[in-house]
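Here is the structure we will look at, set down as structure tokens.
Every number here is computed from the coordinates shown, using simple stated rules; none is lab data. What you are looking at is a predicted structure, and each value in this text was computed from that prediction instead of being measured. Glycine also receives a Cβ, built like all others from the backbone with ideal geometry; neighbour counts cover every protein chain displayed.
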Amino acid sequence: MQIRTPLSLLAIASLAACASMSTPPMAPFSQMSLPDAVKVPAGHTVAMETAAAGDITYECRAKKDMAGQFEWVFVGPDAGLKNRSGKIIGKYYGPPATWENNDGSKVSGAQVAVAPAGAGAIPMQLVKANPAMGAGAMQGVTYIQRVNTQGGVAPASACEAGSMGQKQVVKYQADYIFWRAV
């Protein structure tokens, strides 16, 4: 026979109450506050919302057609993709820019537009998706938006002849919203 003290009964009741609470559902993504340039055209609906955190690599290179001038050039991303519950569901890498789901499906695309984000953050972006490879979550994706960006801008350190070819990695975060035609 198991004897329960008032304290253990209180703990059991508290755990039961917590287990019965449910988290209110997240509101669906709205692009109403986004600049027009990065809004997905009418006739599409959100298929998946993800949060990414990772790295962007830049390389010091000579500016095209500008002798003696140099700049940090975007080389590619390397980030994990999580769903809104925080579960890792895929990755984002490139070049070319590729979003890959853990189910093996993946999609790449071409940038359509960008819009400024906050200070020190890479711009928001709208990408027109290519047809997906493999069956799964990325099948039917038509557009990808990059919003809520933090970090990821080119390094502030000097890029000059002596540093040509050097690479620097910067941290960034962003939300990627995947859209399908309705």
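Annotations for the structure displayed:
- For segment 6-181, the orientation-averaged shadow of the C-alpha convex hull comes to 14.9 nm² (one quarter of the hull surface).
- Multiplying the residue separation of Lys128 and Met66 by 0.36 nm and removing their Cα-Cα distance gives an extension gain of 19.2 nm.
- Packing rank of 116-124, 134-142, where each peptide gets the mean count of other beta carbons within 10 Å, highest leading: 134-142, 116-124
- Pairs over the 30 Å Cα-Cα cut-off, from the set Lys64/Lys87; Lys64/Lys171; Lys63/Lys87; Lys39/Lys167; Lys82/Lys167: Lys64/Lys87; Lys63/Lys87; Lys39/Lys167.
- Counting Lys and Arg as +1 and Asp and Glu as -1 over every other residue whose Cβ lies under 15 Å from the Cβ of Gln31, the net charge comes to 0.
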